[in-house]
Amino acid sequence: MIEQDGKLHIVKEQRVKEMLDSIQKIRDYIPNSYGDHKGRWVGSVPFVLAEEWARESKTQIGTKEFAAYLKRKLSDPDYKNLLIKGY
């Protein structure tokens, strides 16, 4: 929380360097043919980002609608570092 000009601002942040480093290590370790598309680990999304995407999509985390939105977001090259092998 930051107080500025008599107003209280709430700032959410999450340090994700360790998560991104882990994703890179896993990406290098797991072969491309590991697992089928139904049950393999696609990637990791920081919770702060998942909250933001839930608000954007007006869905709740864990719903089918959120999963579809998440898939679209993770297809964006800006978020490629969150993917392990992709969909």
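Some observations on this one:
- Here is the figure for the stretch 62-84: residues that are within 19 Å of I26 (Cβ to Cβ) and of a type in the set (S, T, Y) total 1.
- A Cβ distance below 9 Å, combined with a sequence gap of six or more or placement on separate chains, defines the contacts here; from the stretch 56-68, residues that are among the basic types (K, R) reach residues that are not in a loop (DSSP other than H, G, I, E, B) in the pairs K58/E65.
- Restricting the stretch 45-66 to residues that are in a helix (DSSP H, G or I) and of a type in the set (D, E, K, R) leaves a set whose member that is most open to solvent (accessible area, probe 1.4 Å) is K64.
- If you filter the stretch 15-41 down to residues that are at pLDDT 80 or above and not in a helix (DSSP H, G or I), you find that the one that is farthest from K80 (Cα to Cα) is R15.
- Residue ID - modelled with the lowest pLDDT, chosen from residues in the stretch 67-87 that are in a loop (DSSP other than H, G, I, E, B) and charged (D, E, K, R): K85
The values are calculated or read from the model by the stated rules, or taken from the named source; none is laboratory data. Keep in mind that this is a model prediction, so the values were computed, not measured. Using ideal geometry, Cβ is built from the backbone for each residue, glycine included, and neighbour counts are taken over all protein chains shown. Calculation scope for accessible area: heavy atoms of the full protein, side chains included, ligands and nucleic acids excluded. Shrake-Rupley method; radii C 1.70, N 1.55, O 1.52, S 1.80 Å.
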